[in-house]
1. Return the average number of partner chain Cβ atoms within 10 angstrom of each residue Cβ along peptide A:80-87.
2. Only helical DSSP H runs with n ≥ 4 go in: add -39500 (n - 2.57) per run for chain B, normalise by residue count and round the 222 nm mean residue ellipticity to 500 deg cm²/dmol.
3. Pairs B:218/B:324; B:326/B:355; A:91/B:281; A:237/B:326; A:190/A:237; A:66/A:219: which are spaced more than 31 Å apart, C-alpha to C-alpha?
4. Listed highest first by mean packing, meaning other Cβ atoms within 10 Å per residue, what order do B:176-185, B:347-356 come in?
5. Give me the tail of P(r) for the stretch B:183-259 as a percent: Cα-Cα pairs with distance above 20 Å.
6. Cut-off is 10 Å between beta-carbons; in what order do A:29, B:121, A:155 appear when sorted fewest neighbours first?
7. Determine, for A:259, A:107, the number of other Cβ atoms within 10 Å of each Cβ, and report the residues in order from fewest to most.
8. How large is the dipole of the protein assembly as shown about the Cα centre if only Lys and Arg carry +1 and Asp and Glu carry -1, each at its Cβ, rounded to the nearest 20 debye?
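Since every read-out is calculated from the coordinates, none of them should be taken as a lab result. None of these values were measured; they are calculated from a predicted model. A quick note on method: Cβ atoms are made from the backbone with ideal geometry, for glycine too, and the neighbour counts reach across all protein chains shown.
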Amino acid sequence: MKFLYIIVFLSVFSSAVQADLTIFACEPEWASLSEELGGDKVSVFSATTGLQDPHYIQARPSLIAKARRADLLVCTGAELESGWLPLLQAKAGNSVIQTGASGYFMVSNYVTLIDIPTSLDRSQGHIHAAGNPHIQTSPLNIVKVAQALSQRMQEIDRVNAVFYQQRFDDFNQRWQAAIDNWQQQAAPLKGVNVVVQHNSWGYLFDWLGLNKVTVLESKPGVPPTVSDLNNTLNQLKTTPAKMVIHAAYQSSKASDWLVDKTAITSVTLPFTIGGNEQSKDLFSLFDNTIQRLLDAAKQ
Amino acid sequence: MKPLKLALLIAASLGTSISAHADQISDLKAEFLQMRADYEQRIEQLEQRLAQTEVTTNAVKTEVASVKATSTSTATTRNNNSFNPAISMVLNGQFSDYSDSPDNYELSGFALQDEGGLAPEGLSLGESEITVSASIDQLFFGQSTIALHDDAGTTEVGIEEAFIQTLGLGNGITVRAGRFYSPMGYLNEKHIHAWNFADAPLIYRGLFGNQLTTDGVKFSYLLPTDQMIELGGTVGSGDQHPGAGTNSGIGDWLIYARTGGDIGTNHSWQASASHWQSSPKDREYAGGHNHGGDAVADPVLFNGDTDISNVSLIYKWAPNGNFKQKNITLLGEYFYLNEDGQLNNSAELAQYDAKQYGGFIEGIYQFAPRWRTGARYDWLGSKLRASDNELLTDADLDFSGFHPQRYSLMLEWLPSEFSRVRAQVNRDKSSRNDDTQLFLQYTVSIGAHGAHSF
């Protein structure tokens, strides 16, 4: 009987500290966007940090506990979380976060994915059938997601719908101004040749007009082999590149190797919020990303 | 206006003689400079507007491309195939070498079940598992794992798991029904291919013949707390070893509690406790030796009550919580079986009281993204008392109180998350016959991307 009291007490206590909408974001960029759009009406938890590879997350007990209490899942989708999110859904005993339910929001459904493979075979490495899931690298995608997410938040939490709409309008205005500013800053990056370690930057390059010469991981998710690296060297002889880019959560080994062999500059980009100290929210994430690219282009 | 002014100025300047005043010239100069600055500014403005137009055009282009792409992608996903369940298959094979003959293998103080023995010596095909899963409708999810394995030339088909589970009861409640791995301990709920070593811990081998399953119903409740706390239980048919016989009602039951959380971003843990009970009817002792195949003419049978308690603790570490590059897993489990009843065969009957216990600890270190190594230590103990020791001998139960132990080392290479090659060495003291065991094993998974629990 005592045990029952404890359960009742815990449930009462936990509901007392909840905000109007509890959001479980799979990645920090969507946690930050949810905060921008929800203000103090939402309490947001990010399942991963900017220093973790979102493909390889453990379905830890702490994540199960968070998923149990979530009103809304905000995740990338496009199979990025397929190794862990289905387990959280299965174990949480939470009806609203099940696939297709009102609290299931996959951001990749609201943007146009690039790099959709024409043939699906695992010998090609860890490919994503739905396309490149790393959509947060372009602010043009963020605004599309923001619109759809705000819509969803208004549907789930009708009481605060007007508030969410105001937050979105305000965010949208600031974001458009920021995009104009970033585009002006990044003008010198147009047409600059770059090498990437993992194919995570397609959306960023499309936006800024950077030119990807080659990928160090010839097969996604598989560390580059010696022959892959030698191929890269040969390619760079014909098409020299200014810099080699990797995300903060990735090992810099392959990039370092290339820096050793050529005159190329290595750039570590935050990839998402928390990828480095400067990237604290969506705005500073792009400020920092562009600054780092410009610094490298100058060298 | 400006060009006119310019022309007039030029005409005027041409008309004036060289003897014009110096201050007049400097005036003109100033005007020229002013005009030049004016024009430059206007050109710059024009350039900026042009650049802006370019950007907008690009934006429109991407927009158009995106609209095109969405319209085609929605068309392609609408076909009947998209409702197919997720299908995956696990294939494995191994090479095993033993210093002692595997036919001599015994686990002192325990009776080995059919699958509880050693893998065949030399090259052998391991179990091939087919798993099919999908959401059934808005309420249920279903999953089934069919295992195929060779036994003395014939292929045996077994249903490892076949269950349905609620998706959306809400309030942290989940109900599962069918056949499933019992929520006892940590490894028990995982498929063998997801274990860290090529063979089962000795205690799993001794108590369950590798794994405990339930044919029945499982309830679980997840508390709405920040720290994960799950309480639950199962009721089952009771005919899975170490239960036995048919029951008109509930044949076995189990309760469990598990909790876990994170400590900072680098550490995470989970602890669990569980208790299982059954009253086996005519549980047969296969005669001790593994893969006996042939039925013993006059087997020893057990009738009575049996219960097992378990505690387990798992801890994982990864720098920044990023498991891809490097991580450590430490796992320990302990089981205690308590049994009370009678042993009999056609001729004799004896009172029987048994305690069988033991555990294992293992540590796994993934030191590079594609490499893992690990060590494991197993130990067991038993106290078997019977009013007639002859029946214990007939059941091939060693009642001397010998403590089996085993030390294992393994090294794994993982070309991708879908494949694994493993080498393992055991120093095995399961009985008084010491054995050194070597395994080389591959395990691959084809088809749907499986998700592995913590």
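1. On the way: counts 0, 1, 5, 5, 4, 1, 6, 5.
Neighbouring Cβ atoms belonging to other protein chains average 3 per residue here.
2. Numbers: 4 runs with 83 residues, N = 454.
So the calculated ellipticity at 222 nm is -6500 deg cm²/dmol.
3. Table pairs above 31 Å Cα-Cα are B:218/B:324; B:326/B:355; A:91/B:281; A:237/B:326; A:66/A:219.
4. Values: B:176-185: 22.2, B:347-356: 16.7.
Result, highest mean Cβ count within 10 Å first: B:176-185, B:347-356.
5. Working: 1228 of 2926 pairs.
Counting pairs separated by more than 20 Å, the tail of P(r) holds 42 percent.
6. On the way: A:29 29, B:121 14, A:155 11.
Listing A:29, B:121, A:155 from fewest to most nearby Cβ atoms yields A:155, B:121, A:29.
7. On the way: A:259 15, A:107 28.
The fewest-first ordering by Cβ neighbours comes to A:259, A:107.
8. Dipole about the Cα centre, nearest 20: 3360 debye.
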